[in-house]
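Worksheet: one structure, shown below.
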Amino acid sequence: MNNLEEIINEDNVWPVDPLIKMAAVHFQFESIHPFYDGNGRTGRILNILYLVNKDLLRLPILYLSRYIIRHKGDYYRLLQNVRDHNDWQSWVIYMLDGIEKTSIETIQTINQIKSLMSDYKRSIRTQFPKIYSQDLLNNLFRHPYTKIEFIMNDLQVSRPTATQYLDKLSEAGLLEKVKKGRSNYYVNRGLVDIFMKP
């Protein structure tokens, strides 16, 4: 672990491109396997945090786990090939391919969210100009769902006003009202569909 920490934090120890170093760091972490459970998840989080630390990402939004899960057989085979045959090249290429494909998917997802948000903005401004605000729009896209309490807090409105806003948006088909127990949740189905795409 000390050696791994040194490689991560001291660029003069192993001065290579950060993307290549990330692949090596991931391999070493997974080989050390320091925890009883959760090594895979932790290793994938370390990838992203390392890229943030090296200023290759501003926010930890690169979901590399999806790529690794989709190509799990290759992942384990290539990890083992590094151990058995010192085949670093295939491992690094696999990780770089994962970063490239995940980056492209992430950009597409962000663009889809921006487009959906723009559609909502137009719809709310057109149909409900009196309730439209940027704070309302931001609330609807902060999470895949919202609640009356969230609207009350974000827009500084009363409970009846928040309820009225959300019911209007539900009736217009912009949100889906779902009752769970005693609470109502207002689901942004378009946003959920973007997040749930395979």
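All of the numbers you see were taken from the coordinates with simple rules; none came from a lab. Just so it is clear, the model here is predicted, and its values are computed rather than measured. Note that we place each Cβ from the backbone using ideal geometry, even for glycine, and neighbour counts take in every protein chain shown.
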> At N39 and S170, where each label point lies 7 Å from the Cα along Cα→Cβ, what is the point-to-point distance in nanometres?
Replying inline: 4.8
> Pulled fully out, how much extra length does the chain show between Q156 and N81, if you take 0.36 nm times their separation in residues and subtract their Cα-Cα distance?
Replying inline: 21.2 nm
> Summing -39500 (n - 2.57) over the DSSP H runs of n ≥ 4 in the chain and dividing by its residue number, what mean residue ellipticity at 222 nm do you reach, to the nearest 500 deg cm²/dmol?
Replying inline: -22000 deg cm²/dmol
> How about the stretch 46-136: which trypsin sites (Lys or Arg not before Pro) there lie in a loop by DSSP and see at most 10 other Cβ atoms within 10 Å?
Replying inline: R58, K130
>> At a threshold of 8 angstrom on Cα-Cα distance, excluding pairs fewer than six apart, so keeping six or more, what relative contact order does the stretch 15-127 reach in percent?
In response: 25
>> At a threshold of 8 angstrom on Cα-Cα distance, excluding pairs fewer than six apart, so keeping six or more, what relative contact order does the chain reach in percent?
In response: 13
> Once Lys and Arg get +1 and Asp and Glu get -1 on their Cβ, which of A23, N47, Q89 lies farthest toward the positive end of the dipole of the chain?
Replying inline: N47
>> Could you tell me how far the Cα centroid of the stretch 119-198 sits from the Cα centroid of the stretch 80-98, in Å?
In response: 46
> Which one of I124, L79, H33 has its Cα pushed farthest toward the positive end of the charge dipole of the chain, where Lys and Arg give +1 and Asp and Glu give -1 at the Cβ?
Replying inline: I124
> Between D193 and V16, what length in nm is gained on full extension when 0.36 nm per residue of separation is reduced by their alpha carbon distance?
Replying inline: 59.8 nm
>> Can you tally the net charge around N188? Count Lys and Arg as +1, Asp and Glu as -1, for every other residue whose Cβ sits under 10 Å from the Cβ of N188.
In response: 0
> Could you give the dipole magnitude of the chain about its Cα centre, charging the beta-carbon of Lys and Arg +1 and that of Asp and Glu -1, in debye to the nearest 20?
Replying inline: 1300
>> Through the Karplus equation 6.51 cos²θ - 1.76 cosθ + 1.60, θ set to phi - 60°, convert the phi angles of the stretch 59-69 into ³J(HN,Hα) values in whole Hz; use x for Gly and Pro.
In response: 10, x, 10, 8, 8, 5, 4, 4, 5, 5, 5
> So which aspartates and glutamates can K197 reach, going by Cα to Cα under 15 Å and dropping same-chain residues fewer than 8 places off?
Replying inline: E105
